[in-house]
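Written out below as C-alpha cells is the structure these notes cover.
The values are calculated or read from the model by the stated rules, or taken from the named source; none is laboratory data. If you're wondering where the values come from, they're calculated on a predicted model, not measured in any experiment. Glycine gets a Cβ as well: all are built from the backbone with ideal geometry, and neighbour counts include every protein chain shown. Only protein heavy atoms, including side chains, enter the accessible area calculation; ligands, DNA and RNA are left aside. Shrake-Rupley method; radii C 1.70, N 1.55, O 1.52, S 1.80 Å.
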Amino acid sequence: MFVLHDSQILQILYKSLEKSIPESIKVYGAIYNIKNKNPFKMEVLVDAWPDYQTVITRPQKQEMKDDQDHYTNTYHIFTKAPDKLEEVLSCSQVINWEQTFQIQGCQEGLDEAIRKVATSKSVQVDYVKTMLFIPESLKKHKSSSNDKTELSERHKVDDSNKKRNFSNMFLDASHAGLINEHWAFGKNERSLKYIERCLQDFLGYGVLGPEGELVSWIVMEQSCELRMGYTIRKYRRQGNMSQISYHLEKYLSQKDIPFYIHAADTNEKILQTLKDIGYNICPCGWHQWKCTPKKYC
C-alpha cells in the first residue's frame, strides 16, 4: 500500500467513498478531516489507484510515539476485498503490530483477517460491536416533510429547556476531565489527553443545567464520529440529548460535515432517541478491535 498526498486525488477518493456509505463512513469521515487542515496529522493509504480495493487512514508515524496509546494509534479501514485483507494487514509498513492500537470499521467482514494476523503476531484482540446510526441528512432523498417535522420537534425541545432555565454551549478542553470521568472507553490519563485534543480540534457541544453546570454532552473525533455522549443521571429522560442532537445536526449539515454515531444495543433509551430524531440504523454495524501485544498485556 502507498500514501496518497495529492489533494485532488484525495477529493476524488472522498467522493468515491460516499457511494459506499455506511460501510465506508469511518474512512470517509477521517478523509474529510484530512482534507480540512488535518488537525490529527493523519494520512491515507490505498492498495492501488484509481482502482483501489482497500483504504486505510492512520496517524502519521511521528504521531504514534506512545506505543501504548491506542486512542491516538487508531486505524480506520474500508475494503471491497475482505479476502485479500489478511495480506494487507500482515505488512509491517501498513500496521505497527509492536504497538497497542485500535482498528475501527463498519464491516463485520474485517474480523476474520484481523484475528488471523493478530494470532500470528501474538497480539491479543478485544472486540466491540455496537449499532451504527447515520442521520437522515446523509441520505440522498430526504423529504421536505421530515425537515418540517424535525424543525417543529427542535422548537419544542428549545422551548422546554428555556422554561427549565437550561442553556446550550460549545465545549472546550476545560471540560475534558468531566467527559473522561464518564466515558466508558476512557477513565485514564491517555484518554484524558485524547479528549482534550478532540475538544481543541473538533466540535464538542453540551447542555448546561440551571446552575451553569454541564449536564449533557457529545464530542466529535477524528473520523467525524460523534462520541462520548453522556447525560448526568439526575438530568436523564429530560430531552437533553435530543436537544444536543437536533442542534448538532443542523449545525453540521449546514457546514456539510459528515457525522454519525454508535450505541450499544442494550441502551434502549439512546436507541429510541436516535430513531426518534431521524437517525437510521445501519445493518453493517460499528466495530472496534483493540490490539495489544503480549508484552503490554
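Details
- Restricting attention to the stretch 167-199, the residues that are in contact (Cβ under 8 Å) with a residue 60 or more places away in the chain and closer than 15 Å to Ile218 by Cβ total 1.
- Hey, Gln93 under 15 Å from the mean Cα position of the chain (by Cα), farther than 26 Å from Lys193 by Cβ and open to solvent by 10 Å² or more (accessible area, probe 1.4 Å) or not: no
- The condition (being at pLDDT 95 or above, open to solvent by 30 Å² or more (accessible area, probe 1.4 Å), of a type in the set (A, V, I, L, M) and within 27 Å of Lys116 (Cβ to Cβ)) is satisfied by just one residue among Val3, Val46: Val3.
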